[in-house]
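Please read the structure below before turning to the comments.
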Amino acid sequence: MALFRVCLFPLKRFGPVNLSPFGPVPHAAAKAFAWVRCAPERPAHEYVENGMDRNQKAEVVSALNAHLAEVGVVVVTRNLGMTVAQSTDLRQKMRAAGATYKVTKNRLARIALEGTDYTGISDLLTGPVALASSADPVAAAKVAVEFAKTNDKIEIVGGAMGEVLLNAEGVKALASMPSLDELRAKIVGLLVAPATKLATVTQAPAAQLARVFNAYAEKNAA
């Protein structure tokens, strides 16, 4: 059952109004104000969700700030009119790739960026934007770019890999690179080492993998 709120309108502004089954009430015969039924009132839980209090906002900022401290890439996308179904599909694709897709009020997101390596993307947070992120430095970019290829209702705005800022083309270039799992698989195929060493290499973080590739390239060049 819909809830309704009562609004007070000054009759002198709107003129005679039809408040009875007998027709409009003349201005002279009406009181200065009249109570009329307005738009449906929102349920209480919607006010909690959409109108966060100070403590709730602080929790959102704290959680996002902690999340940003753990990710390897952040991609900023702009919603150009995606449907709920399309947004849900994108979130599911992000989740399957080990990435996240968050929509947060821009003001709160800017506060959350403070003290992280991603403060540089604050200027990108204008309009209906969202943050796609992942610990893998490629995963979020790859999913966002692939999704945008078949959906013109999402725009790649830019992003960052830590303190390295990326424009839209930079994000697309990043998306064309192999993921961390793919890099690890290549290392296994390239290196000749005992099984125990291979197991160690495949668990190495991205920075260590980059050094391994660099060393391997220098060895070949020599």
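Each reported figure results from applying straightforward, stated rules to the coordinates on display, with no laboratory input. This is a predicted model, so every value here is computed, not measured. Don't worry about glycine lacking a Cβ; one is built from the backbone with ideal geometry, like all the others, and counts go over all protein chains shown.
Put a dot 7 Å past each Cα toward the Cβ at K105 and E59; how far apart are the dots in nm?
For E59 paired with K105, the spin-label model returns 1.5 nm.
Contour minus end-to-end for D123 and A135, with contour as 0.36 nm per residue of separation and end-to-end as the Cα-Cα distance? Don't skip to the end; give the middle numbers.
Working: separation 12, 0.36 × 12 = 4.32 nm, distance 2.25 nm.
Once the chain is fully extended between D123 and A135, it gains 2.1 nm.
In what order do L131, L165 fall by count of nearby beta-carbon atoms within 10 Å, going from fewest to most? Please report the intermediate quantities before stating the final value.
Details: L131 26, L165 15.
In increasing order of surrounding Cβ atoms, one gets L165, L131.
Given H placed 1.01 Å from N in the peptide plane, which residues other than close sequence neighbours of G158 have an amide H under 5 Å from its amide H?
So G158 has HN proximity to V76.
Would you tally the net charge around H67, using a Cβ to Cβ cut-off of less than 13 Å, leaving H67 out, and scoring K and R as +1, D and E as -1? Don't skip to the answer; put the middle values down first.
Numbers: positive: K102; negative: E59, E70, D117.
Residues near H67 contribute -2 overall.
Which links in K102/K142; K105/K142; K93/K153 stretch past 20 Å when you go from one Cα to the other?
On the way: K102/K142 16 Å; K105/K142 24 Å; K93/K153 16 Å.
Pairs exceeding the cut-off: K105/K142.
List the equivalent ellipsoid semi-axes of the range 49-175 in whole Å, largest first, each obtained as the square root of 5λ for an eigenvalue λ of the Cα gyration tensor.
Result for the range 49-175: semi-axes of 21, 17, 13 Å.
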